[in-house]
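Engineer: Have a look at this one before I ask anything.
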Amino acid sequence: MNKQQEEIRKKSPVQIKNKKAAFEYFFIEEFTAGLVLTGTEIKSIRAGKASLVDTYCTIITGEIWVKSMSISPYFYGSYNNHEQKRDRKLLLTRREIARLESATRQTGYTIVPTLVWIDENGRAKMDIALCKGKKAYDKRQTMKEKEDRREMDRAMKDFR
């Protein structure tokens with residue numbers, strides 16, 4: 001990921017994160033994919049009405065799909081409104097999909113969405129990561145590191 005993409009991602013008005021993913025998995029490799037959406041879905045995402053809780057990605061016949069992503073129905077959508085938890089297609093290159101497919105054939109590896117954001121052209125993008133599941137002791141270590149960082153921040157704040 002280059003510096004320009006980082007800047008665009010940080011400036012995005014919408015950033016829907018999967019906070020649980022960093023706790024549950026080690027991120028091996030990250031990718032940015034486009035999302036195929038209907039009109040009311042993109043409007044709901046721009047309003048921040050989406051959730052990545054319990055989402056995952058699967059590869060079916062050379063295409064990558066995100067499963068169980070929740071996008072709330074658009075408030076002003078009439079009979080055209082979308083289904084809340086339908087499968088949505090992701091746009092990646094064939095080479096990236098092939099790399100992900102070969103990696104997920106190994107046991108313990110999965111593809112998890114980490115962030116949904118809007119680019120400068122108004123398109124919805126999703127950051128996905130090839131992940132390996134953490135064991136219980138890894139999760140405890142992560143919690144300990146987070147707590148230590150918080151303690152150090154408090155100490156520095158009191159020191160000033």
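The values are calculated or read from the model by the stated rules, or taken from the named source; none is laboratory data. All of these numbers come straight from a predicted model, not from anything done at the bench. Neighbour counts are summed over all protein chains in view; Cβ atoms, including those assigned to glycine, are modelled from backbone coordinates with ideal geometry. For the accessible areas, the whole protein counts, side chains as well, though only heavy atoms, and no ligand, DNA or RNA atoms are used. Shrake-Rupley method; radii C 1.70, N 1.55, O 1.52, S 1.80 Å.
Engineer: Which one of these is surrounded by 14 or more Cβ atoms within 10 Å (Cβ to Cβ), touching a residue at least 24 places away in the same chain (Cβ under 8 Å), hydroxyl-bearing (Ser, Thr, Tyr) and farther than 30 Å from LYS135 by Cα: THR40, THR55, THR110? Quick ask: steps written out before the conclusion?
Structural biologist: Numbers: THR55 fails: farther than 30 Å from LYS135 by Cα; THR110 fails: farther than 30 Å from LYS135 by Cα.
So the residue among THR40, THR55, THR110 that is surrounded by 14 or more Cβ atoms within 10 Å (Cβ to Cβ), touching a residue at least 24 places away in the same chain (Cβ under 8 Å), hydroxyl-bearing (Ser, Thr, Tyr) and farther than 30 Å from LYS135 by Cα is THR40.
Engineer: Sticking with this structure for a sec: Check ALA47, ALA103 and return the single one that is surrounded by fewer than 17 Cβ atoms within 10 Å (Cβ to Cβ) and touching a residue at least 60 places away in the same chain (Cβ under 8 Å). Let's see the steps before the verdict.
Structural biologist: Working: ALA47 fails: touching a residue at least 60 places away in the same chain (Cβ under 8 Å).
Result of the check over ALA47, ALA103: ALA103.
Engineer: Turning to a different aspect of this structure: Return the total of residues in the stretch 33-51 being assigned to a strand (DSSP E or B) and either at positive phi or among the aliphatic types (A, V, I, L, M) (or both).
Structural biologist: The initial filter retains those residues of the stretch 33-51 that are assigned to a strand (DSSP E or B), namely 33-35, 50-51.
If we keep only those that are either at positive phi or among the aliphatic types (A, V, I, L, M) (or both) too, we end up with 33, 35, 50.
Total meeting the criteria: 3.
Engineer: Of these, THR93, THR114, THR58, which one is of a type in the set (Ser, Thr, Tyr) and within 27 Å of ARG140 (Cβ to Cβ)? Working first, answer last.
Structural biologist: On the way: THR93 fails: within 27 Å of ARG140 (Cβ to Cβ); THR58 fails: within 27 Å of ARG140 (Cβ to Cβ).
THR114 is the lone residue from the list that is of a type in the set (Ser, Thr, Tyr) and within 27 Å of ARG140 (Cβ to Cβ).
Engineer: Among residues belonging to the stretch 39-68 that are in contact with a Pro (Cβ under 7 Å, 6 or more places away or on another chain) and hydrophobic (A, V, I, L, M, F, W, C), point out the one that is nearest to ASN18 (Cα to Cα).
Structural biologist: Within the stretch 39-68, the match that is nearest to ASN18 (Cα to Cα) is LEU52.
Engineer: List pairs: first residue in the stretch 135-160 and without any contact (Cβ under 8 Å) to a residue 40 or more places away in the chain and in a helix (DSSP H, G or I), second residue exposed (fewer than 10 other Cβ atoms within 10 Å of the Cβ) and charged (D, E, K, R) anywhere in the structure, Cβ distance under 7 angstrom, at least six positions apart or on different chains.
Structural biologist: Once the first residue is without any contact (Cβ under 8 Å) to a residue 40 or more places away in the chain and in a helix (DSSP H, G or I) and sits in the stretch 135-160, no partner that is exposed (fewer than 10 other Cβ atoms within 10 Å of the Cβ) and charged (D, E, K, R) comes close enough.
Engineer: Anything in the stretch 60-80 that is surrounded by 11 or more Cβ atoms within 10 Å (Cβ to Cβ) and in a loop (DSSP other than H, G, I, E, B)? List them, or say none.
Structural biologist: SER68, MET69, SER72, PRO73, TYR74, PHE75, GLY77 - these are the residues of the stretch 60-80 that are surrounded by 11 or more Cβ atoms within 10 Å (Cβ to Cβ) and in a loop (DSSP other than H, G, I, E, B).
Engineer: Are any of the residues in the stretch 9-32 part of a helix (DSSP H, G or I) and polar (S, T, N, Q)?
Structural biologist: Quick first cut of the stretch 9-32, residues part of a helix (DSSP H, G or I) only: 9-11, 19-24.
Then keep just the ones that are polar (S, T, N, Q); that gives none.
Taking every residue of the stretch 9-32 in turn, none turns out to be part of a helix (DSSP H, G or I) and polar (S, T, N, Q).
Engineer: Take the conditions open to solvent by 60 Å² or more (accessible area, probe 1.4 Å) and either out of contact with any strand residue (DSSP E or B) (no Cβ under 6 Å at 6 or more places or on another chain) or at pLDDT below 95 (or both) and apply them to MET152. Does it pass?
Structural biologist: Yes.
Engineer: Among the numbered conditions (1) more than 17 Å from ALA124 (Cβ to Cβ); (2) outside any helix (DSSP H, G or I); (3) of a type in the set (D, E, K, R), tell me where LYS85 comes up short.
Structural biologist: (1)
Engineer: Which one is farthest from CYS57 (Cα to Cα) among residues in the stretch 88-128 that are assigned to a loop (DSSP other than H, G, I, E, B) and of a type in the set (Asp, Glu)? Write out each step before concluding.
Structural biologist: Of the residues in the stretch 88-128, the ones assigned to a loop (DSSP other than H, G, I, E, B) are 92-93, 105-108, 119-123.
Remaining after also requiring of a type in the set (Asp, Glu): 119-120.
Numbers: ASP119: 21, GLU120: 25 Å.
Per the criteria, the residue is GLU120.
Engineer: Same structure, new question: Scan the stretch 113-133 for residues that are touching a residue at least 40 places away in the same chain (Cβ under 8 Å) and open to solvent by 30 Å² or more (accessible area, probe 1.4 Å) and report the count.
Structural biologist: Summing the residues that are touching a residue at least 40 places away in the same chain (Cβ under 8 Å) and open to solvent by 30 Å² or more (accessible area, probe 1.4 Å) in the stretch 113-133 gives 5.
Engineer: Now a separate question. Could you tell me which residue of the stretch 81-98 is modelled with the highest pLDDT, considering only residues that are under 19 Å from LYS43 (Cβ atoms) and surrounded by fewer than 17 Cβ atoms within 10 Å (Cβ to Cβ)? Show your work before the answer.
Structural biologist: Here is the first cut: in the stretch 81-98, the residues under 19 Å from LYS43 (Cβ atoms) are 81-86, 88-89.
Subsequent filtering for residues that are surrounded by fewer than 17 Cβ atoms within 10 Å (Cβ to Cβ) retains 83-86, 89.
Working: GLU83: 76, GLN84: 78, LYS85: 86, ARG86: 87, LYS89: 95.
So the residue we want is LYS89.
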